[in-house]
Amino acid sequence: MNKNKQKITVQNSTISITKINNEDYICLTDMARNFGDDVMIYQWMRSRNTVEFIGIWEQLHNPRFKGIEFETFKKQAGLNNFSLTPKKWIEATNAIGFVSKAGRYDGGTYA
C-alpha cells in the first residue's frame, strides 16, 4: 500500500484514505474499528444486497472480473452458512474494488 495516506474525520473518528493504482480507497477497517469491530465487515459482506452491489460494481469497472464466481457467491449470499471475507472475494473473483492486506501499521481492508 502507498504510504501517501490522507485522513478524514467522521463523527470524531479518523478514517484513512489511500491511493492505490491512482484510485482513492477508504479504509473499511478504520470505519469498523471506530464504530464496532471487524465483524461488521464480514456481516456486511454476507448480505445478498452487498454481494449484488459489489458484483455489479466490478462488472462495470473491471474487465478481468470473474462473473461465474460472482454468480456462485450471489446464489449463496444471505444463507445462514454463507460467509465471505474481502480476501476470499478478491481471490475468487479477481476483484479490484477491494484491497486487503495484513499488517499491524499498513494493513487493513480498503474499498
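Per-structure values
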| read-out | value |
| --- | --- |
| Percentage relative contact order, the stretch 1-110, counting C-alpha pairs under 8 Å, at least six apart | 22 |
| Charge context of residue 40, other residues only, Cβ under 14 angstrom, K/R +1, D/E -1 | -1 |
| Charge tally in the Cβ shell below 12 Å around residue 95, where Lys, Arg are +1 and Asp, Glu are -1, residue 95 excluded | +1 |
| Eligible lysines near residue 74 by straight Cα distance, threshold 22 Å, same-chain separation 8 or greater | 66, 87, 88 |
| Convex hull per residue volume in Å³, alpha carbons only, for the chain | 108 |
| Neighbour count of at most 16 Cβ within 10 Å plus DSSP loop: longest chymotrypsin sites (Phe, Trp or Tyr not before Pro)-free window in the chain | 1-81 |
| Degrees separating the helix 67-76 axis from the principal Cα axis of the chain, which is the longest one | 90 |
| Rounded accessible area of residue 30 (nearest 10 Å², 1.4 Å probe) | 20 |
| Inter-probe distance in nm under a simple model that places probes 7 Å from Cα toward Cβ, at residue 48 and residue 90 | 2.8 |
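The values are calculated or read from the model by the stated rules, or taken from the named source; none is laboratory data. Computed from a predicted model, the values in this text were never measured in an experiment. Cβ atoms come from the backbone with ideal geometry, glycine included; neighbour counts cover every protein chain shown. Quick note on the areas: whole protein, heavy atoms, side chains included, nothing else; ligands and nucleic acids left out. Shrake-Rupley method; radii C 1.70, N 1.55, O 1.52, S 1.80 Å.
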